[in-house]
Structure formats: C-alpha cells, structure tokens
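Here is the structure we will look at.
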Amino acid sequence: MRILASLPKPLLAAIASLFALATILYSVLWMYDARWRPRVELGFDERYVASGNYERLVVVYPGSPAEKAGLQADDRILKINGSPLKNDDSLGDEWEKHKPGDSVRLTVQRDGGPAPFVVTGVFRAAGGASTEGRVQELGKDIAGTYPIAFLIVGLAVLFLRLEDANAWLLALLFAGFIAVPNFSNNFLGLGPYWRPFAADYRAIFDNMFAGLFCFFFAVFPTHSPLDRRAPWLKWTALVVAACFIPVPYGLTRLRLAPILYASVVLGLVSLIWNAATTDMPEARRKIRVILWGTLVGVVPGVSMLAANDFLGFHVPGWLLVPIIVLLWLFPLSFAYAVVKHRVLEIPVLLKRSARYLLVQRGFLFLQLTVSVAAAVLFAWALARTRLLTPAGLTGGIAFGSVLALGGLRIQKAASERIDRAFFRKAYDARLIMEDLAQKTRTATNRAELASFLDDHLNEAVRPASLVIYLESSNGQLSAERGQVPSQLRMISAAEPALPALARHGRPWEVSGNELRKDSPGVSALSSLQPECLAPMLGRDGRLVGLIVLGARLSEEPYSREDHQLLAAVASQAGLALESIRLGEQIAERIEVERRTAQEMQFAREVQARLFPQKTPVLKTLDYVGGCIQARQVGGDYYDFLELRPGRVALVLADVAGKGVSGALLMANLQANLRSQYALALDDLPRLLGSVNHLFYENTADNSYATLFFADYDDSNRRLRYVNCGHLPPLLLRAAPARTKTGAACPAIERLNPTSTVLGLFDDWQCSIAEAQLEPGDILVLYTDGVTEATDAAGEEFGESRLIQTLRSNCQLSAVGLLETIEGAVQQFGGSEQADDITVVVARCRG
C-alpha cells in the first residue's frame, strides 16, 4: 500500500478518473436496465443454471401464456425452437426477435418426468403478468437508485484522499457493492454495444466484493486483532476471489458461495473485534458509527443473498425495497464518520465550516455531484424514452468528465488564495473564543486541552509552526503539541526571560524591542524559530503554560487583533489548566479512596470465607448461622466445627473492637481455635485455655473476646458448653410453662457464663456445663449487636423483644427463624446499624 505515496499525484488522479468513469458508466447502465422491460413475454420468471446450461422456471404467473402452454414452476428449459441454450442471454435474445402473437417452441424437462417434451407458447405484450400499482412502481424506482449513495461517497472520499490507501480500498469496496445486484434481465436492456462492458465490470467487482470486504475491515480503521494474529487471511480472501473472475457468473456463485460468505463473515469479525478491543474513546466513537452502519445496513442484504444462494429463497419485491434502504445506511455511516469524526483525516474545516466546504472543497464536490447527476439524468431520460445508444450515453459521460476536470483545475488554482483570505473571515476572535470557552470547560486532561488549542490557533492565525507547553505535575513546562527537539520536550518556567514574560502577562513579538532573540531564555527556544510567545498564567500570576508560534504562512506580521486573540485564548487556557490540575488532585484523592474501598471489599470477601461455608449434617439438629456486618469488616465470629461424625461444636464469639482492628483480632482468634479444636473431644478446658494463652500473648493488653463454645452430641442430644463471658444463649423449650397469669407459653432457659472472657488474663480457668435438648427445643446464640440495637429514640431492642420474637415464631425452621430475628432487629434499628448482628439458631428435630 505504500506504493501510492511514491506515485505522482497526476497519475493517481488519472487512474482515479478512469475508475470513476467506469463506475459511473456501469451505475448508469444498471439503473437504466433496472427500468427496462422487454416487448414480449410468456409470463414466467426464470434463473439460468450455468452448470446444466438450462433456464429453471422460478414463478409461472396465473393466466399467462406460459401456464396455458402447460409450463410449471421448477421446469427446465433446455432448447428454444430446437436449438440448445448457449448462455444466459439465449432466452432474451430470442425474445427480442418476436412481437405479440408470435409463437415459440420450448423443449422442457420436468423433475421426475421420463423425457424432455416440447411446448408451444404464444407471446403477449410485456406487462401482462404485472399487478403492480403505484406503490410497487415507486418501490422499484427507489430500488433502481441503489448505486447512487455508494457512488457519491466512494468517489468523494477517493478524490479527497488520492494518496490514502484506505480511500482506494473504500472506493473499490463500494464498487463491489454496486456490482453485487444482478441485471434484472441478464443485460438484455443494454443491447450488444454495452453488454460486454457491463458483464466484465460485474464479473470483476462482484467476485472481488467479498475479498475486498474482508481486506478492508482487516486494516481499517486500524489493523484488527484478527489481522494481527493471521495477516495472511485477508490476502487469501482477495487472491481466491480474483482467481474466479474469469469464471461465468452462475458457476462462480455455485462454487464460490461458501468462500464468499466466509470472507464477509471474517470482515464482520474484524470490525466487531476492533470495536470491542479499542481502548481510546475517540477511536471507539469512530468505529461505533461504522459498526452500526455495517450491521444494520449490510447484514440484512447479505442474509438475503445467502438465503437465495443456499436455500433457493426468492426474495419478494416488497422485502427488497426496505433491504436496499437499509443498505444505504452503510455508505451514509461512512460519510458521517468521515465528516464528523475524521476517520480518513479529511481536513478539519470540512467538518466544521459549511462556507469553507463550499469554497475550498466545493469545486471538487460540485464536479463529482454534477457528473453523477448528469449521468443519472441522462439514464433517466433514456429510460423514459426506451432508447439507449452508445453515442448518446457516451455524450452524457463525456459531459460529466469535462465538468470534473474543469472543476479540478479551478479548485487547484484558487486554493492558495482561499486559504489566506478565507480563514480570517470564517474564524474571527468571537467565534474562536466562544468555541474554545465551551470546549475548555469539558477538557479533562492536558492532552485534550492542548489539542483544542492546537486546532483553534492553527485555524485562526495559520502559523508555520505551533508548540504548546503546559505545566506538568512536576512543575516543569512540557511540550504537549508540536514538533520539538528532544532537549526541548521539558523546559523550566524559571528559564531566563520567561519570568519577565509572565510578569508582562501579554503576548510578545520575539523580533520586537520588548524581547530580543538573543535573550538567554529565547535562545533556548531558537530551534523552534519563534515569532510570538503567548504566556498562560494561573490565578496567582504563575506561568503555567506557553504558546510558541512561528511565522505566519501569509508572511504577514502578527497584528494587534492577533495579539488580543492570543491573550484571550491564553487567559482562558490558563484558567482551564488550573481547573485540570485541581481535578487531578481530586482524582488522586478519589483514587486513594477507591483503592481503600477496594481493599476493604477484598477484606470483607476474605472474612466472609472465614465463616463456615457448609454445615456438617446432623440427624437430630437443624442449625444455621448468619452475620450482618455494620462495616466492611467486623469482629463477630461464628463457626461450626465437626469434632467427629455425630459431634459438632457450635461457636460464637465477639471480639472487642470494630472495623479493621476487630476483624484482625477475629481472624487471630479463629486461627487459634481452628488449629486446635480436635482437643475439644477429650479436654475442652485445655483447648480453651490454650486459645486464651495464644490470644493473650499475641494481642494488646486491652484486647479480649467473649466466646460461647458448645459440643453437641447427635446420638443423645446432649449439649456440653463453656460460656466465656458471652451473653447467655437462650434455650426455648418445646414443653410449655405456666406464667403468673396462668397462661401456657414456651419456657426459656439461659446458658449463663462459666468463665471469664478470653485474652485479658494469662491465668485462666473454666468449667463445663451441660444441657439436655428435647425434640422441638430451640437454641439461639447471639451477640450484643442484637440486643443493643437502638431505635431513633435511643431505646434498645433488648433481650425481652428477642424472647418475644422467638415465642411468636417458634414454629419456623432454623433458617426462617434466623431471617425473622435479623429482620426484626434491622427494622427496629432503622437504616443506621451500630454493631454487627450475628445469630446462630439450632432447632432440635423429633
């Protein structure tokens, strides 16, 4: 593709002109043929099958001469008047020889029939089978203009970017799109003069279409990940398609269909993959427009062709029109992307100024538009009169070509003067400042601000060179835009003459008396050939940026109006830079907070894994636990330890402290307990004494934990427990007890402390207590986050409300009772949760 840059531009323009003329001519011929109708007909639609050299009937219209002659759909026409078919033109050539009332003998083979037979049909005037109204005719007219959008966009981009390989690829691809639809009557409407050209053009670009589609999206707008992994795929698709150009059309479709559609799919994969993996927001916006234009515009049309090629589906006319309308979205999406997002780097003013478009590029667009319009008008006139001659069509194309070449000459001659005179009128200071003020408010980083300044100043004052320095995070001035030597990428704001420039506060002419070129500060920038320096000042008068402008392209000195514009731009940019720096500081703070929150979330997930992930199965006990933390992490801990089959320890602890400190102590306690819990079977006091000692040795003096450790035996429902200073668990008996009023209600027992807390004293003793559980009994372990939860008035939830909740819901399962307790506490405390809510519920089965 680099060969384009080495070719002379006149040669490229000549090649592009020949290509444009051929494409325009083919488009005109296709649009003419789309409206052409034969003089006679038998009343059927057919499709030529090259592999068998016959015409297969697709539709036989009711009441037509074909039906009266006995023809049916799927019949195969082998001979006409005893002569075998030569090619796909044979039928049309024979029809052209006749007038209404003439007869023709057709040799027909019917599927399943014993042998070919001969039928005689009588021609009638064309149009007898048509039942189309105005709406259908309008639809055909719309479909008949199919090539125009591809023609205008493809050729416009090509002539604007003659040295851009992507522009050539796009033009060739659009030529392929133009060539995909077949001529409605096998080129019959063109006559013998133009039929070979149309057939050859279509053979080339229709066969190349899929390969070009795959190649284009493999490299545009950037090389896709698929192309980077398998660069040979695009070349393979292109070469394979080119090899089948000489093959007749029917055989090409028969043999190439899988390869063609595979190439199209590869192109779509490249485009989608590019869109999904692009990191830059600007590039993502560019690709998004093209992606949606391709998916919405191309996929329905390709699906229609695939259904026709693989399934034999005959697309009805009413469906064809909306598919063509959707297909127009494809070239229009490229037109929008080129103008709006500079996908092919069309000049900036092409997207921003209608006046510049009409003056600087107007001649080019005018000659293309007029050329296409002249050709289309010529085709329409010929279609209306049903007359198409080589001389008349050549005259229309020649007229368009003369207009195009004349427009190019005028455009080239006027270009330089327009550049000098037009910009000053189109971009006055007011418009520059309005646009700049709007965009600097949205600038989020230095690169974006520098890009805004570079675009606006280049358009406003047209300097030969422009360098924009902005203050970086280290306090030095960094060259964000412009070509500078490596030693000038960073300069100090304290360089000689720059502090004086900051004090002056206004743009200075380097060649003037105020600031001499041989001044030390300016000589450091001498390699940039500065003509004017514009300082950007912060709110405190500090130099936060510098605009270095070379001589103007017009060779005129910078005027007073230029200085005023530069001063206003520099002032606005200085304020924007201050805002960016403040935003960066805020962003750094937010990032620190985000990382802290992320680490806390990770800690929360780690702590959640410290809670039991599964519960050992017991025959006589249904049990469950839950913890709702007041912060990301907390100091409550519960566990279910399988001491051996049929023996499970129920553990609940509350470590002094909340948040990270409580979580660390909780992890310490859990590690000590899990590393030694096997001792609980033989010597529970020894286990807890060891845990107390390790906790005492490894924590601060004021660190401690309350703990309830219960050993449940599944074989006899016996509960052995040690309560280390923890809130007494509640044992709700299934057997009712009598209150003072004589009413029956479940009895409550409290499993009171049997020792002091863990971790405060090295000399520590405990005793073991027992409880016998019966079927239906409910044991509830809880932390102070349950009973000490307060409402808006400061009243605590308390043990009495907990007991009332248990008695009111004693019929629930362990899981249901746990959810009820948690819900009651949260509802009572409102949105503010001061402490962790941890509960273990065990229900004895019958």
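The values are calculated or read from the model by the stated rules, or taken from the named source; none is laboratory data. This one's a predicted model, so the numbers in the text were calculated from it and none came from an experiment. Glycine also receives a Cβ, built like all others from the backbone with ideal geometry; neighbour counts cover every protein chain displayed. Keep in mind that these areas ignore ligands, DNA and RNA; they rest on the heavy atoms of the full protein, side chains included. Shrake-Rupley method; radii C 1.70, N 1.55, O 1.52, S 1.80 Å.
Annotations for the structure displayed:
- Pairs linking a residue in segment 486-503 that is closer than 12 Å to residue 471 by Cβ to a residue that is open to solvent by 50 Å² or more (accessible area, probe 1.4 Å), with Cβ atoms under 6 Å and 6 or more positions apart or on different chains, are 490/476; 492/476.
- Residue satisfying all of: in segment 87-115; of a type in the set (Gly, Ala, Ser) and under 17 Å from residue 49 (Cα atoms); most open to solvent (accessible area, probe 1.4 Å) among these: 90
- Residues of segment 58-95 that turn out to be within 51 Å of the chain's Cα centre (by Cα) and of a type in the set (Lys, Arg), as a count: 1
- Unique residue being surrounded by fewer than 23 Cβ atoms within 10 Å (Cβ to Cβ), at pLDDT below 85 and in contact with a Gly (Cβ under 6 Å, 6 or more places away or on another chain) when the list is 160, 188: 188
- Search result, residues across segment 94-112 that are without any contact (Cβ under 8 Å) to a residue 12 or more places away in the chain and at negative phi: 97
- Residue 695 vs. criteria open to solvent by less than 30 Å² (accessible area, probe 1.4 Å), touching a residue at least 24 places away in the same chain (Cβ under 8 Å) and in contact with a Phe, Trp or Tyr (Cβ under 7 Å, 6 or more places away or on another chain): no
- Candidates in segment 116-136 are the residues that are at pLDDT 85 or above and either acidic (Asp, Glu) or assigned to a loop (DSSP other than H, G, I, E, B) (or both); of these, the one that is surrounded by the fewest Cβ atoms within 10 Å (Cβ to Cβ) is 116.
- For beta carbons closer than 6 Å, sequence separation of 6+ or different chains, a first residue in segment 700-712 that is under 20 Å from residue 722 (Cα atoms) and a second that is among the basic types (Lys, Arg) and part of a strand (DSSP E or B), the qualifying pairs are 711/720.
- When the residues of segment 617-657 are filtered to those that are of a type in the set (S, T, N, Q) and in contact (Cβ under 8 Å) with a residue 40 or more places away in the chain, the one that is surrounded by the fewest Cβ atoms within 10 Å (Cβ to Cβ) is 620.
- Screening residue 734 with (1) in a loop (DSSP other than H, G, I, E, B); (2) touching a residue at least 24 places away in the same chain (Cβ under 8 Å); (3) out of contact with any Leu (no Cβ under 7 Å at 6 or more places or on another chain) gives one miss only, at (1).
- Checked against the criterion of being modelled with pLDDT of 75 or more and open to solvent by 40 Å² or more (accessible area, probe 1.4 Å), segment 596-607 contains not a single residue that satisfies it.
For every residue, the table says whether it meets (1) closer than 23 Å to residue 688 by Cβ; (2) more than 58 Å from the chain's Cα centre (by Cα); (3) among the β-branched types (Val, Ile, Thr).
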{"site": "730", "(1), (2), (3)": "yes, no, no"}
{"site": "751", "(1), (2), (3)": "yes, yes, no"}
{"site": "769", "(1), (2), (3)": "yes, yes, no"}
{"site": "775", "(1), (2), (3)": "no, yes, no"}
{"site": "803", "(1), (2), (3)": "no, no, yes"}
{"site": "829", "(1), (2), (3)": "no, no, no"}
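- Flag if residue 808 is touching a strand residue (DSSP E or B) at 6+ places or on another chain (Cβ under 8 Å), open to solvent by 20 Å² or more (accessible area, probe 1.4 Å), polar (S, T, N, Q) and closer than 19 Å to residue 776 by Cα: no
- The criterion of at least 2 residues that are more than 19 Å from residue 194 (Cα to Cα) is met by the following helices (runs of 4 or more DSSP H) wholly inside segment 1-115: 3-6, 9-35, 65-68.
- Test: residue in segment 699-708 that is open to solvent by 60 Å² or more (accessible area, probe 1.4 Å), among the polar types (S, T, N, Q) and not in a helix (DSSP H, G or I): yes
- Residue selected from segment 524-574 under the condition out of contact with any helix residue (DSSP H, G or I) (no Cβ under 8 Å at 6 or more places or on another chain) and of a type in the set (A, V, I, L, M), by the criterion surrounded by the most Cβ atoms within 10 Å (Cβ to Cβ): 570
- Verdict on residue 843 being within 26 Å of residue 721 (Cβ to Cβ) and crowded, with 16+ Cβ neighbours inside 10 Å: yes
- Restricted to segment 656-700, and to residues there that are of a type in the set (Lys, Arg) and within 23 Å of residue 769 (Cα to Cα), the residue that is modelled with the highest pLDDT is 686.
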